[in-house]
Amino acid sequence: MCQNPTPGTNGDQYIPYAERSGNESIVYFTRDLSAAGLEKIYQRICAPLKGKVAIKLHTGEPHGPNIIPRDWVENLVKNELPEAHIIETNTFYEGDRDTTEKHRRTLEINGWTFCPVDITDEDDTALLPVKGGKWFENMSVGKNMLNYDSMLTLTHFKGHLMGGFGGSNKNIGIGCADGKIGKKWIHQREGSDNMWSIDMEELMERIAESTKATIDHFGKNVVYINVMRNMSVSCDCEGVAAAPVVTPNVGILASVDILAVDQACIDCVYAMKEEEHHDLVERIETRHGLRQLSYMKELGMGNDKYIMIDIDNDDARLVPADAVKDLKPFGK
């Protein structure tokens, strides 16, 4: 692993759109938080997927209340991706998913039984290069991930205890790193007994570098869908202990640009009224989670400027303030 002690310094500072530079990517948007809405936006974004498709999904802790509804994913698999496999990795922390045996019991409890679920680090790991990384030369991932040609990154966008927020970057960066080696490299400083010993902004950088290893592997054959629903400040890894949802629902966003889709979700959060986004913004900024975005840009992983296309309204162009005008009730 590389060791460069200079992390970023802007993870608690939101950068307004007008202050960003560079090219624009396309981000698709629908307000339709349903199985039909997920299928509709998938149909707009699915073109780069080919061959054997992996669906990278956070399948949650037992009875997790906020994960993407199982029936939405089942409908998508049945109608659009009948040969796809969901992929997961075991956890670094002890719990109900830190071994393959316990993980498979949790999958059954949560109803992920309608298609194959590949726990990619079940048997072995593999190293993928991190090009241009500050902290890593390689990232350790579940070996079985290399059996796939394309990846649909299907993410429940929400807060996160350590990352500030969990979007597509966290879903891949943590979720594709294997449970015992890769996740340890990301979270634990070498020589420390504390499994959570990495500083906040450095953690964001390490997550992004891990993500880069995976998306460089898949090249153009990866797409990103973020579901902005039931956005607790807690990650789905907290299960039934997650904090109550107080941030209103928004919709579903999709792109072939990982930075653009995560940035658009953050912009939608910041475009809400103060009373609507206070808790989530506080979680993001106190954990310096915005460093995920600025570091992805530094690594050349995408654009933080974008054109938002409203697929509900004849492909009209939107800004985040328009997207959050008519928010759905909490927790629906």
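What follows draws every value from the coordinates through simple rules; no lab data is involved. Note that the structure is a prediction, hence the values are computed from the model and not measured. All Cβ positions, glycine included, derive from the backbone under ideal geometry; neighbour counts span all protein chains shown.
Scoring residue 147 on the criteria (1) among the polar types (S, T, N, Q); (2) under 26 Å from residue 233 (Cβ atoms); (3) in contact (Cβ under 8 Å) with a residue 60 or more places away in the chain leaves a single failure, condition (2). Is it the case that some residue within region 264-275 is of a type in the set (Phe, Trp, Tyr) and crowded, with 20+ Cβ neighbours inside 10 Å? Checked region 264-275: no residue is of a type in the set (Phe, Trp, Tyr) and crowded, with 20+ Cβ neighbours inside 10 Å. Of the residues screened, residue 204 is one that is crowded, with 24+ Cβ neighbours inside 10 Å, of a type in the set (A, V, I, L, M), touching a helix residue (DSSP H, G or I) at 6+ places or on another chain (Cβ under 7 Å) and in a helix (DSSP H, G or I). In the condition set (1) within 18 Å of residue 227 (Cα to Cα); (2) touching a Lys or Arg at 6+ places or on another chain (Cβ under 9 Å), residue 75 is compliant with all but (2). Checked against the criterion of being part of a loop (DSSP other than H, G, I, E, B) and over 20 Å from the mean Cα position of the chain (by Cα), the candidates 94, 108 yield just one match: 94. In region 167-185 there is no residue that is acidic (Asp, Glu), free of Cβ contacts under 8 Å to residues at least 12 places away in the same chain and either part of a loop (DSSP other than H, G, I, E, B) or within 26 Å of residue 47 (Cβ to Cβ) (or both).
Screening region 220-234 for residues that are farther than 21 Å from residue 294 by Cα and not aliphatic (A, V, I, L, M) and picking the one that is surrounded by the most Cβ atoms within 10 Å (Cβ to Cβ) gives 229.
Remark: pairs (first residue in region 11-23, within 18 Å of residue 164 (Cα to Cα); second residue in a loop (DSSP other than H, G, I, E, B) and among the hydrophobic types (A, V, I, L, M, F, W, C); Cβ separation under 7 Å; 6+ apart in sequence or on different chains) = 11/290; 12/290; 13/290; 14/290. For the residues 10, 90, the requirement of being farther than 26 Å from residue 281 by Cα and either surrounded by 16 or more Cβ atoms within 10 Å (Cβ to Cβ) or not β-branched (Val, Ile, Thr) (or both) singles out 90. Criterion applied to 318, 299, 327, 290 was being closer than 20 Å to residue 230 by Cα, in contact (Cβ under 8 Å) with a residue 24 or more places away in the chain and not polar (S, T, N, Q), and the one residue passing it is 327.
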